[in-house]
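**Q** For reference, the structure I am asking about is given below.
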Amino acid sequence: MLRFLVRRTLGAAAVLLLISAFTFFLFFSIPQDPALLACGKNCTADAVALIHRNLGLDDPVPLQYAAFMTGIVTGREFAAGPCPAPCFGYSFANDRPVFETLADRFPTTASLTVGGAVVFLAVGLGAGMIAAARRGTATDKVVSSVSLVLSSMQIYFLGPVVLGVLVYGTGLLPSPSYVPLTEDPAGWFTGLLIPWCVMAVIFTANYTRMARSTLIEQLQEDHVRTARAKGMPGRTVFFRYAWRGSLIPIVTIFGMDLGSLFGGAMITEFTFGLAGLGRLAVDSVIDIDLPMIMGVMLFSSALILLCNIVVDAAYALIDPRVRLDAGSSA
Amino acid sequence: MNAPAGAAGTPEPFLSVRDLRVRFSTEDGTVHAVDGLSFGLERGRTLGVVGESGSGKSVTALALMGLHDRRTASVTGEVLLDGHELTGAPEKKLERLRGNRVAMVFQDPLTALSPYHTVGRQIAEPFVRHTGASRRQGRLRAVEMLGRVGIPQPARRVDDYPHQFSGGMRQRVVIAMALVCNPSLLIADEPTTALDVTVQAQILDLLGDLRQEFGSAVVLITHDLGVVAGTADDVLVMYAGRAVERGPVREVLRDPQHPYTRGLLDSVPRLSSDPEEPLVPIPGAPPSLLVPHPADGSRAPDGGGPLRGCPFLPRCAFSGRVEGGDRCRTERPVLPAGRGAACHLTERQRRTAFAEEARPRPGRP
């Protein structure tokens with residue numbers, strides 16, 4: 001297990017390094033001077049030059065990259081003062097430390113992700129199980145066709161419709177907003193309920209269809225038939241044998257979804273006016289805000305990689321044939 | 001089957017199957033996989049069921065266990081196990097019998113065990129369920145069973161997972177699992193087919209020993225006549241979902257009465273024969289058992305099966321010798337009780353025919 005974690009952490013670090021270099025150098029291929037943006041209206045050539053010097057934009061790009069990356073590890077000294085590690089620098093757009101902004105935005109994204117995941121896992125997997133257990137019946141057909149319809153739904157369509165009905169039309173729920181859980185649990189819940197459910201609708205369909213098809217496959221496995229031949233009751237056969245075998249593909253997809261949701265659910269955040277990481281990513285690109293772009297990029301990538309490692313470790317818990325320290329797979 | 005079934009005054013055999021029919025409805029029509037099968041079996045005896053792939057052997061095994069999916073398969077007829085009617089019995093009743101009084105050994109030990117649970121747990125599971133033993137007792141029983149089926153260091157291996165065992169060892173685990181509740185009927189569906197030859201012999205010996213020890217009746221399903229010769233007391237030859245010949249194993253193998261049985265025997269290599277000599281296959285393939293959906297009344301008159309007349313006719317070398325010309329085409333031959341074959345040839349015709357047509361050989365180059 002330890003070897004696995006060390007190996008995977010090193011691998012993830014290498015991936016992050018590649019992503020950072022790619023993003024950094026790509027940024028400088030944008031035919032646009034970030035200093036102009038920071039300078040604002042009534043900008044003079046002198047002011048631009050000053051900003052260039054302050055931001056270090058005159059240095060060769062590889063040098064800037066090296067300075068940025070060392071800053072993450074060791075911290076960095078700026079004209080305005082020291083920036084302790086992990087230092088992603090200061091935003092070009094508003095001069096706030098990038099890391100602080102990330103830390104600010106993350107709870108919104110995390111709440112959105114975790115709550116949404118609870119809803120779509122519970123509903124999606126539950127519906128999938130019911131459909132698989134009653135394969136071929138009317139229940140199965142209804143579940144399957146509803147999930148097909150829902151899976152072709154889009155958040156930016158469904159979101160406004162739900163908002164229109166539940167918030168502006170009937171006033172049943174407050175307009176979506178983020179309040180920290182620690183401050184006001186009830187407000188946190190009601191404020192995010194609509195985004196959770198709308199986001200879950202889209203994902204639920206996927207999980208329903210996947211749970212149904214892998215379960216049906218598993219139910220036809222020889223070892224499931226063996227369990228029945230041993231006289232085990234249907235429920236035991238279903239959960240102890242068939243369900244266990246369905247977990248691997250479900251966990252795989254869930255890990256990928258969770259990783260990308262943690263990195264920012266852009267469309268959901270925009271639809272419901274929530275300020276999470278997805279919003280931040282889009283804003284930073286529009287603002288040509290290099291430190292912020294780097295920060296969001298590395299933070300999201302790190303979360304995705306972390307989810308991948310957790311998923312692979314989970315395989316070993318689910319399936320005893322999987323050995324984490326066996327080497328070959330990276 | 002040590003007593004001829006149906007003889008007056010004989011008590012009901014331990015396992016009695018009468019007119020068993022298994023049909024699957026598919027999109028194209030109904031498949032009559034088992035089409036009126038009858039046999040009996042006593043305690044402590046082994047019945048070998050042989051036939052080609054698709055002859056209905058495994059479908060029969062699953063029907064005996066009540067393991068067919070009720071939504072897709074229709075099972076009719078009578079399966080009496082020690083007086084209990086199994087066909088159409090409620091699922092709860094079947095659950096109490098399965099793994100307890102009737103157990104099954106499956107063909108492929110690589111897929112028959114769940115990869116997610118230790119072998120100990122899988123062996124103990126039916127024991128705990130059917131006898132009400134505690135999990136601790138179940139574990140002890142699992143260790144005992146692993147030792148009984150010849151797995152070295154059972155107390156250590158009980159916590160291993162199936163993938164940590166070789167194929168032969170896994171089949172021993174499957175057998176241990178089947179025998180954990182001392183079942184009175186053991187159904188072994190091609191238990192050695194997936195194993196290499198040296199392991200095959202070990203597994204068959206093991207099954208034989210255990211049968212003696214537990215006094216179970218065994219239904220041994222196989223396509224391998226060698227396996228039947230070595231282990232079975234009686235043999236039932238299946239073709240196209242029906243029994244075409246039955247009798248004590250020696251008699252059937254030495255003096256086959258059905259042209260199909262004879263064909264099967266001719267296609268088996270023998271150590272005593274010339275290695276250059278080609279084997280004689282049975283020409284053609286088994287008939288389709290599918291009855292297409294439009295029921296236009298063209299079905300066979302004898303019970304609605306897919307076939308009119310003798311199902312073996314298209315592959316039979318001897319049909320020309322049957323008196324009354326068309327009987328093979330129009331009338332389905334019946335398998336008599338006791339030793340016999342479902343064939344229109346009379347005993348005398350058969351003897352002369354089999355003697356005259358000493359093995360039809362394909363021409364040599």
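**Q** How many percent of the alpha carbon pairs in the range B:52-193 exceed a separation of 23 Å?
**A** Looking at the range B:52-193, the distances longer than 23 Å represent 37 percent of pairs.
**Q** Mind listing the phi-derived Karplus ³J(HN,Hα) values for the range A:242-259, rounded to whole Hz, using 6.51, -1.76 and 1.60 with θ = phi - 60°, and x for any glycine or proline?
**A** Once rounded to whole Hz, the list reads 5, 5, 4, x, 7, 5, 4, x, 5, 5, 4, 5, 4, x, 5, 4, 4, x.
**Q** Using a probe radius of 1.4 Å on protein heavy atoms only, what is the accessible area buried between chains B and A, both sides summed, to the nearest 100 Å²?
**A** It comes to approximately 2400 Å² buried between B and A.
**Q** Using the charge dipole of the protein assembly as shown (Lys, Arg: +1 at Cβ; Asp, Glu: -1 at Cβ; taken about the Cα centre), state which of A:L55, A:S301, A:A211 has its Cα farthest towards the positive end.
**A** A:A211
**Q** Take every residue in peptide B:157-166, count the Cβ atoms of other chains within 10 Å of its Cβ, and give the average of those counts. Don't jump to the answer; show the numbers that get you there.
**A** Values: counts 0, 0, 0, 1, 3, 3, 3, 2, 0, 0.
Mean shielding by partner chains, rounded to a whole number: 1.
**Q** Charges only on Cβ, +1 for Lys and Arg, -1 for Asp and Glu: so what's the dipole of the protein assembly as shown about the Cα centre, in debye to the nearest 20?
**A** Roughly 2160 debye for the protein assembly as shown.
**Q** Follow-up. Computed FRET efficiency, Cβ-Cβ of B:R71 and A:S175, R0 35 Å: what is it to the nearest 0.05?
**A** On the way: r = 49 Å, r/R0 = 1.39.
Efficiency at R0 = 35 Å is approximately 0.10.
**Q** Leaving ligands, DNA and RNA out of it, work out the accessible area of B:H130 with a 1.4 Å probe and give it in Å² to the nearest 10.
**A** Approximately 40 Å² of B:H130 is accessible to the 1.4 Å probe.
**Q** Turning to a different aspect of this structure: Go through A:V322, A:A110, A:S175 and say which Cα lies farthest out towards the positive end of the charge dipole of the protein assembly as shown; charges sit on Cβ, +1 for Lys and Arg, -1 for Asp and Glu.
**A** A:V322
**Q** Show the residues, 5+ positions off or on another chain, whose built amide H is closer than 5 Å to the amide H of B:V49.
**A** B:L220, B:I221, B:T222, B:L236
**Q** Cα centroid distance between the range B:248-274 and the range A:56-114, in Å?
**A** Their Cα centres are 85 Å away from one another.
**Q** Using a 10 Å cut-off on Cβ atoms, rank the peptides A:294-303, A:62-71 from the highest mean neighbour count down. Let's see the in-between values first.
**A** Values: A:294-303: 22.6, A:62-71: 15.2.
By packing density, highest mean first, the sequence is A:294-303, A:62-71.
**Q** So who's got an amide H within less than 5 Å of the one on B:E245, skipping anything under 5 residues away but keeping other chains? H placed 1.01 Å off N, in plane.
**A** Placed amide hydrogens put B:V237, B:A342 under 5 Å from B:E245.
**Q** Output the residues of the range A:187-236 meeting this criterion: accessible area (heavy atoms, 1.4 Å probe) in the chain alone minus accessible area with all protein chains in place is 30 Å² or greater.
**A** SASA drop of 30 Å² or more in the range A:187-236: A:D222, A:H223, A:R225, A:T226, A:R228, A:A229, A:K230, A:G231, A:M232, A:P233.
**Q** Moving on to the next point. With N denoting the number of residues in the range B:143-291, provide Rg(C-alpha) divided by 2.2 N^0.38 Å, to two decimal places. Mind showing how you got there, number by number?
**A** Numbers: Rg = 18.1 Å, N = 149, 2.2 N^0.38 = 14.7 Å.
For the range B:143-291, the normalised Cα radius of gyration comes out at 1.23.
**Q** Can you tell which of B:G54, B:V158, B:G208 lies farthest toward the positive end of the dipole of the range B:15-240, using +1 and -1 charges on the Cβ of basic and acidic side chains (Lys, Arg; Asp, Glu)?
**A** Value computed over the given set: B:V158.
**Q** Moving on to the next point. Ordered by packing density, taken as the mean number of other Cβ atoms within 10 Å over each peptide's residues, highest first, how do B:63-71, A:193-201 rank?
**A** Details: B:63-71: 17.8, A:193-201: 22.6.
Packing order, densest peptide first, comes out as A:193-201, B:63-71.
**Q** Let me ask something else. Any chance you could give the angle, 0 to 90 degrees and rounded to 10, that helix A:61-74 forms with the longest Cα principal axis of chain A?
**A** The angle comes out at about 60 degrees.
**Q** Taking B:K93 as the anchor, which lysines have their alpha carbon closer than 28 Å to its alpha carbon, excluding any fewer than eight residues away along the same chain?
**A** A:K230, B:K57
**Q** What's the percent breakdown of Cα-Cα distances in chain A across 20 Å bins, shortest bin first?
**A** Spelled out per bin, shortest first, that is 25, 48, 23, 3, 0.
**Q** Would you mind pulling out the separation of the Cα centroids of the range A:127-173 and the range B:312-354, in Å?
**A** Between the Cα centre of the range A:127-173 and that of the range B:312-354, the gap is 64 Å.
**Q** Ok, one more. Over the protein assembly as shown, with every protein chain in place, what whole percent of the accessible area is carbon and sulfur at 1.4 Å, could you tell me? Don't skip to the end; give the middle numbers.
**A** On the way: 19560 of 32720 Å².
Summing carbon and sulfur atoms, their accessible area is 60 percent of the total for the protein assembly as shown.
**Q** Here is a follow-up. So what's the convex hull volume per residue for the Cα atoms of the protein assembly as shown, in Å³? Show your work: numbers first, answer last.
**A** On the way: hull volume 178.7 nm³, N = 695.
Value for the protein assembly as shown: 257 Å³ per residue.
**Q** For B:V291, which sequence-distant residues (separation of 5 or more, or a different chain) have an amide H within less than 5 Å of its own amide H, given hydrogens modelled in the peptide plane?
**A** Amide H neighbours of B:V291: B:T30, B:V31, B:H32.
**Q** With θ taken as phi - 60° and the coefficients 6.51, -1.76 and 1.60, list the Karplus ³J(HN,Hα) couplings across the range B:76-89 in order, rounded to whole Hz; mark glycine and proline as x.
**A** Along the range B:76-89, the couplings run 10, x, 10, 10, 10, 10, 6, x, 8, 7, 9, 5, x, 5 Hz.
**Q** Using only the alpha-carbon atoms of the range A:42-132, report the extent along each of the three principal axes, biggest first, to the nearest angstrom.
**A** Principal-axis extents of the Cα atoms in the range A:42-132, largest first: 69, 35, 23 Å.
**Q** Just how large is the dipole of the range B:73-158 about the Cα centre, in debye to the nearest 20, putting +1 at every Lys and Arg Cβ and -1 at every Asp and Glu Cβ? Please list the in-between numbers first.
**A** On the way: 14 positive and 8 negative charges, 132 e Å.
Once rounded to the nearest 20, the dipole reads 640 debye.
**Q** Select from chain B the helices, each a whole stretch of DSSP H, whose alpha-carbon atoms run 20 Å or more along the helix axis and whose Kyte-Doolittle mean is at least -1.0; answer none if there are none.
**A** Numbers: long enough: B:197-214 (25 Å, 0.34).
Span-like helices in chain B: B:197-214.
**Q** Okay, moving on. Nearest 10 degrees, 0 to 90: what angle lies between the long axis of helix A:2-27 and the longest principal axis of chain A (Cα atoms)?
**A** 50
**Q** So for chain B, considering every pair of alpha-carbon atoms, how many percent are separated by more than 29 Å? Could the numbers behind the result be given before it?
**A** Values: 29745 of 66430 pairs.
Percentage above 29 Å: 45.
**Q** State in Å² the accessible area per residue of the protein assembly as shown; use a 1.4 Å probe, count heavy atoms of protein chains only, and round to the nearest integer. Provide the component values of the computation, followed by the final result.
**A** Numbers: 32720 Å² over 695 residues.
I get 47 Å² per residue for this part.
**Q** Moving to a separate point now. Mind checking the angle between helix A:290-318 and chain A's longest principal axis? C-alpha axes, 0 to 90 degrees, to the nearest 10.
**A** The answer is roughly 20 degrees.
**Q** Shifting gears a bit: Which order do peptides B:197-210, B:261-274 fall in by mean Cβ count within 10 Å, highest first? Mind dumping the intermediate values first?
**A** Working: B:197-210: 16.6, B:261-274: 13.7.
In descending order of packing, they fall as B:197-210, B:261-274.
**Q** Which whole number gives the average count of other chain Cβ atoms within 10 Å of the Cβ atoms across peptide B:109-116? Please report the intermediate quantities before stating the final value.
**A** Numbers: counts 1, 2, 5, 7, 4, 11, 7, 10.
Taking the mean over all residues of the peptide, I get 6.
**Q** Treating only the Cβ atoms of Lys and Arg (+1) and Asp and Glu (-1) as charged, compute the dipole magnitude of chain B about its Cα centre; round to the nearest 20 debye. Each step should come with its number before you reach the end.
**A** Details: 45 positive and 42 negative charges, 144 e Å.
The calculated dipole for chain B is roughly 700 debye.
**Q** Mind checking Rg over Rh on the range B:306-356, alpha carbons, Kirkwood formula for Rh?
**A** Details: Rg = 10.8 Å, Rh = 11.4 Å.
Here the Rg-to-Rh quotient is 0.95.
The values are calculated or read from the model by the stated rules, or taken from the named source; none is laboratory data. Since the model is a prediction, treat every value here as computed from it, not as a measurement. Glycine also receives a Cβ, built like all others from the backbone with ideal geometry; neighbour counts cover every protein chain displayed. SASA here: full protein model, heavy atoms, side chains in, ligands and nucleic acids out. Shrake-Rupley method; radii C 1.70, N 1.55, O 1.52, S 1.80 Å.
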